[in-house]
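The values are calculated or read from the model by the stated rules, or taken from the named source; none is laboratory data. The shown structure was predicted, so the numbers you read here are calculated from the model rather than taken from an experiment. Counting neighbours? That spans all protein chains shown, and the Cβs are built from the backbone with ideal geometry, glycine included. The area values use the complete protein model at the heavy-atom level, side chains included, leaving out ligands, DNA and RNA. Shrake-Rupley method; radii C 1.70, N 1.55, O 1.52, S 1.80 Å.
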Amino acid sequence: GNMIKLEDVGISTSDNITHIANLSPAYVFDFESISNVIKTIITSGHRRIPVVSKNNNLAGILTYMDILDGLLRGLTRNTQIATFMTKEIIFCDLNESILSVLQKMRISKRGGLPVIKNMKLAGIVSERDFIRTISRKYFDTTVIEVMTHKPFFIPPQTSIQNCMKAMVNTHYRRLPIVENKEVLGIVTGLDILHFINEVNYNPMRMGENIS
């Protein structure tokens, strides 16, 4: 595939990260419950939510993979976020360069990093922010140049619970649903959180088929 050079799209990698970061991020407090963080994910559409303490210091981070994993391990809607959030946070500073942040994301294999100023949450930067900036220039790149050629997929008879397991185990956030080589749809981690929220965390509903 074509390697996209950030300089070609008007992003100077020596620029400050504030040029592309989201400086009003969705976040939750560490004393809130799983059901609160799920609502925040659903309303914000962000799959990575910084967690702050009462005084707004960055305390942890939660992705919806962490939540699916936690629910599979028997955590309930009322479990406090602090008990299962990721405390080893890789973050960047408000004054860091885009190049430095990209290197951190690549080395840590994280799709996004909280941005902090004096240990307080100041923003978040994710792959999505880079893609949004780049896509204006690279809309003529063909999808075949960048796609995964043998994607992991699930049959429509898969239960919600097994779908959650597949996501947690493969780290894929989107799974095509395929029957007889025909794509019937696609399910995302966000779809599953929506469903869990809609059925009010009823474990009996987790055995239902994904389709």
With every protein chain kept in place and a 1.4 Å probe, region 10-62 has an accessible area per residue in Å² of 41 Å²
Between the modelled labels at Glu198 and Ser24 (7 Å from Cα along Cα→Cβ) the distance in nm is 3.0 nm
The set of residues whose placed amide H lies less than 5 Å from the amide H of Ala59, leaving out same-chain residues fewer than 5 positions away, is Val51, Val52, Ser53
For Lys150, the aspartates and glutamates lying under 20 Å Cα to Cα, once residues fewer than eight places off in the same chain are dropped, come out as Glu179, Glu182
Result for region 64-183: accessible area per residue, probe 1.4 angstrom, in square angstrom, of 62 Å²
Note: Ile89 to Thr13 extended length (0.36 nm per residue) minus current alpha-carbon separation gives 25.1 nm
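In whole percent, what relative contact order does region 55-150 give with Cα contacts below 8 Å and a gap of six or more residues?
25 percent
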What helix-only [θ] at 222 nm does the chain give? Using -39500 (n - 2.57) per DSSP H run of at least 4, over all residues, to the nearest 500, the answer is -8500 deg cm²/dmol
Expected unfolding gain across Gln157-Ser33 under the 0.36 nm per residue rule, minus the alpha-carbon gap, is 41.5 nm
From the Cα centre of region 22-37 to that of region 39-114, the distance in Å is 9 Å
The chain: relative contact order from alpha carbon pairs under 8 Å, six or more residues apart, as a whole percent, is 22 percent
Under the 7 Å Cα-to-Cβ spin-label approximation, Ile186 and Ile131 lie apart by a distance in nanometres of 0.9 nm
